[in-house]
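One structure below.
The values are calculated or read from the model by the stated rules, or taken from the named source; none is laboratory data. Quantities reported herein were computed from a predicted structural model and do not represent experimental measurements. When we count neighbours, we look across all protein chains shown, and the Cβ atoms used for this are built from the backbone with ideal geometry, even at glycine. Protein only, heavy atoms only, side chains kept; ligands, DNA and RNA dropped before computing areas. Shrake-Rupley method; radii C 1.70, N 1.55, O 1.52, S 1.80 Å.
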Amino acid sequence: MKRILCSALVLLLTVGAVFAQNCEIRWMSLSADEDEQTPPIAKQFLCNRLGALMSAGESDVVGPYAQFYITSKSSVMSEQLMGSAPPKTSLVLLLTLYIGDSWGEKIFAQTSLELRGAGNSREQAYLNAYRSLNGNNAQLKSFLEEGKQKVLSYYDSEYPRILKEAQRLASLKEYDNALFLLSEVPVCCKGYEEVSDALSVTYQAYVDYTSLKLLQQARMAWAASPDRNGAEAAAEYLLAIEPFAACYDEAMALYTEMKAKVREDWDFEMRQKYTDELEIRKLEIEKAKAVGVAFGNNQQPRTTNIIPR
C-alpha cells in the first residue's frame with residue numbers, strides 16, 4: 001500500500017471544553033489513498049488539509065510521527081468535461097476519512113463526505129474539491145470529536161501497559177524510546193500522575209546515564225592533553241552535563257582540577273545546581289518530553305494496513 005507521511009504534521013490538539021485544558025494528543029496526518037488517478041499534488045494538499053483540521057484551535061504542530069493518525073480514501077463519483085473556453089473539469093468525489101491507531105492497525109472512527117470541485121485542469125478540480133473541507137461542518141466535527149474521545153479512552157485503559165513497557169525499555173537503557181511512550185500520554189487521562197512520576201524517574205536515569213558518558217569523554221580529553229586545549233575540549237562535554245545528574249559533583253571536581261592547572265582566565269562555568277524543587281520537577285518533565293519528541297521525529301510509521309480495503 002502506498003503511503004506518504006506528511007512531514008511536520010504530528011499534531012498537538014485540545015479536545016474542546018469537554019476535556020481538561022491543555023489536554024494534548026499527538027497525531028500524524030497520512031496520505032494513504034491507493035487511487036492512482038488522484039494527482040500527487042492533490043494528495044499532499046489533502047494530507048495537509050486534514051492536518052490543519054486536526055490542529056484547529058490552540059493546538060501546535062510538533063513533528064512527523066505519532067501512534068494515532070488521520071487519513072483518507074477518495075473515489076470519483078462523477079467526472080465531466082465542461083464545454084467552456086477553456087474547457088473545465090468538474091468532479092464529484094466521495095471522501096472517506098479515518099482516525100486510527102497505526103500500531104494496533106485499528107480504525108477508531110470513520111465518515112464519508114461528498115465533495116465537489118471544478119477547475120481548468122483535473123488537478124485544479126481535485127484541489128478545489130479538497131478546499132471545500134470545512135471545519136465547521138457538523139458531520140466532520142462529530143467525526144473528529146469521536147476519534148479524539150476514542151484515543152483518550154485508549155489511554156485511560158492502556159496506561160498501565162504503557163508504564164510497564166516504558167519500564168522494560170528503560171531497563172534496556174532505551175531511555176529515549178521509553179520517554180517517547182510516556183510523553184505521548186495526555187495530561188487529562190486517568191493515571192497521568194503515575195505517568196508523570198515515571199517520566200521523572202526515567203528522565204533522571206537517562207540524565208545519569210548520558211552524563212556519565214559525557215564525564216568519561218571529558219576525562220579522556222583532559223588526560224590526552226592536560227593543558228588549555230585539552231581543558232577546552234573537555235569543557236564541551238562538561239557543559240552538557242545536567243546539574244541534577246548523579247555525577248555532577250565529579251564533573252565539578254574535574255572542572256576545578258582543570259581550572260587550577262590552566263591558571264588563566266577561562267570563559268567557562270559549570271551550570272549551578274537548582275534549589276527550587278518545583279522548578280526542578282517542571283524542568284524534568286519538559287526536558288523528558290523533549291527527548292521523547294526527538295525520538296519520535298526520527299521514526300517512521302510502522303503499519304502495513306492503515307485503511308480498510
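Below is a table of values for the structure above.
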{"quantity": "L95, sole failed condition from (1) farther than 20 Å from L144 by Cα; (2) at pLDDT 90 or above; (3) of a type in the set (A, V, I, L, M)", "calculated": "(1)"}
{"quantity": "Some residue of the range 68-90 being buried (at least 22 other Cβ atoms within 10 Å of the Cβ), in contact with a Lys or Arg (Cβ under 8 Å, 6 or more places away or on another chain) and modelled with pLDDT under 90", "calculated": "yes"}
{"quantity": "Count of residues meeting criterion [closer than 14 Å to L283 by Cα and of a type outside the set (S, T, Y)] in the range 188-204", "calculated": "4"}
{"quantity": "Single condition A166 does not satisfy, out of (1) at pLDDT below 95; (2) surrounded by 19 or more Cβ atoms within 10 Å (Cβ to Cβ); (3) farther than 30 Å from G83 by Cα", "calculated": "(1)"}
{"quantity": "Pair list, Cβ < 9 Å and 6+ apart or interchain, from the range 68-80 residues that are without any contact (Cβ under 8 Å) to a residue 60 or more places away in the chain and over 12 Å from T96 (Cα atoms) to residues that are open to solvent by 10 Å² or more (accessible area, probe 1.4 Å) and of a type in the set (S, T, N, Q)", "calculated": "S78/S90; E79/T89; E79/S90; Q80/T89; Q80/S90"}
{"quantity": "Index of the failed condition, I241 passing every other in (1) in contact (Cβ under 8 Å) with a residue 40 or more places away in the chain; (2) within 21 Å of A170 (Cα to Cα)", "calculated": "(1)"}
{"quantity": "The one condition in (1) open to solvent by 20 Å² or more (accessible area, probe 1.4 Å); (2) in contact with a strand residue (DSSP E or B) (Cβ under 9 Å, 6 or more places away or on another chain); (3) modelled with pLDDT of 90 or more that V61 fails to fulfil", "calculated": "(3)"}
{"quantity": "Residue list for the range 175-194, filter: open to solvent by less than 60 Å² (accessible area, probe 1.4 Å) and aliphatic (A, V, I, L, M)", "calculated": "A178, L179, L181, L182, V185"}
{"quantity": "Elements of type helices (runs of 4 or more DSSP H) in the range 137-247, at least 2 residues being under 29 Å from G104 (Cβ atoms)", "calculated": "138-171, 175-183, 192-224"}
{"quantity": "Only one of A170, A178, A198, A221 that is closer than 30 Å to T256 by Cα and not acidic (D, E)", "calculated": "A221"}
{"quantity": "Residues of the range 134-146 satisfying the condition of being modelled with pLDDT under 90 and either closer than 17 Å to Y69 by Cβ or touching a Pro at 6+ places or on another chain (Cβ under 9 Å) (or both)", "calculated": "L144, E145"}
{"quantity": "Residue selected from the range 97-112 under the condition part of a strand (DSSP E or B), in contact (Cβ under 8 Å) with a residue 40 or more places away in the chain and of a type outside the set (A, V, I, L, M), by the criterion most open to solvent (accessible area, probe 1.4 Å)", "calculated": "F108"}
{"quantity": "Condition check for A218: under 23 Å from N298 (Cβ atoms) and aliphatic (A, V, I, L, M)", "calculated": "no"}
{"quantity": "Residues of the range 195-238 that turn out to be open to solvent by less than 50 Å² (accessible area, probe 1.4 Å) and farther than 19 Å from E174 by Cα, as a count", "calculated": "11"}
{"quantity": "Residue count for the range 68-113, restricted to those that are under 21 Å from Q139 (Cβ atoms), of a type in the set (G, A, S) and within 24 Å of the chain's Cα centre (by Cα)", "calculated": "3"}
